[in-house]
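The values are calculated or read from the model by the stated rules, or taken from the named source; none is laboratory data. Since the model is a prediction, treat every value here as computed from it, not as a measurement. Cβ sites come from the backbone with ideal geometry, for glycine too, and all protein chains shown count toward neighbours. Heads up: the accessible areas ignore ligands, DNA and RNA and are worked out on the full protein's heavy atoms, side chains in. Shrake-Rupley method; radii C 1.70, N 1.55, O 1.52, S 1.80 Å.
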Amino acid sequence: MTKLLLSVHVLAAILAVGSIAVAASLFPRYAKQAASEGGEGEEKGRSAAVAAFLHRVCRIYAVAGLVVPVFGLATGAQLGVLGDAWLITSMILTAIAAFMLAMAILPNQERMLAMQGGGAAAEGLNAAASRLGMLTGVFNLLWSVVVVLMIVRPGSTTGV
């Protein structure tokens, strides 16, 4: 049972969190590109469509990503490591990353999509893209630390 739980946990993390990490990282570029391209040409429409698609990927996979901590907790309970410092730290970092996604990254993506249609000033859009890029970088860094903690498991004696 432990191997099944761990397999679902890892697969969900790769598919859901990995998809969010890539889509969120690419979003500022395409949103900025869509807003900065003059006129209503085909290239502007393509960049706007890509930005909207990347936002949709982030939103959908954020919901699907709830499977990751659920199966992570089940796996930790099965292994008897829920009280280990490495797992508690991972859970805290996961909660921070989820909070960042829900309260900062997704809303900022929505704002940038709205700025595209509203003819926002280039400076405002560039600043928003820079902030969003920084937030996404921190989000990805948090997940990187969680992955390292899951692999190294400092102090773990499970041998799994």
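Things worth noting here:
- Shown here for the range 1-81: GluC sites (Glu not before Pro) in loop regions (DSSP other than H, G, I, E, B) with at most 12 other Cβ atoms within 10 Å, namely GLU40.
- With Cα atoms, 0 to 90° folded angle of helix 122-152 axis to the chain main axis: 10
- Spatial extent of the chain: Rg and Dmax, with the Cα atoms as the point set, Å: 18.4, 62
- Label point distance in nm, ILE151-VAL22, each placed 7 Å from Cα along Cα→Cβ: 1.8
- Remark: spin-label model distance ALA102-ILE14 equals 2.7 nm, labels positioned 7 Å along the Cα→Cβ axis.
- Nonpolar atom fraction for the range 11-90, defined as the carbon and sulfur part of the 1.4 Å probe accessible area, stands at 67 percent.
- Set of the range 75-104 residues, backbone N closer than 11 Å to the point 7 Å along the Cα-Cβ line of THR2: 75-81
- Helix axis angle, 42-64 relative to the chain longest principal axis, alpha carbon, degrees: 20
- Summed over qualifying helices (DSSP H, 4 residues or more, each -39500 (n - 2.57)) and divided by its residue number, the chain shows a 222 nm mean residue ellipticity of -26500 deg cm²/dmol.
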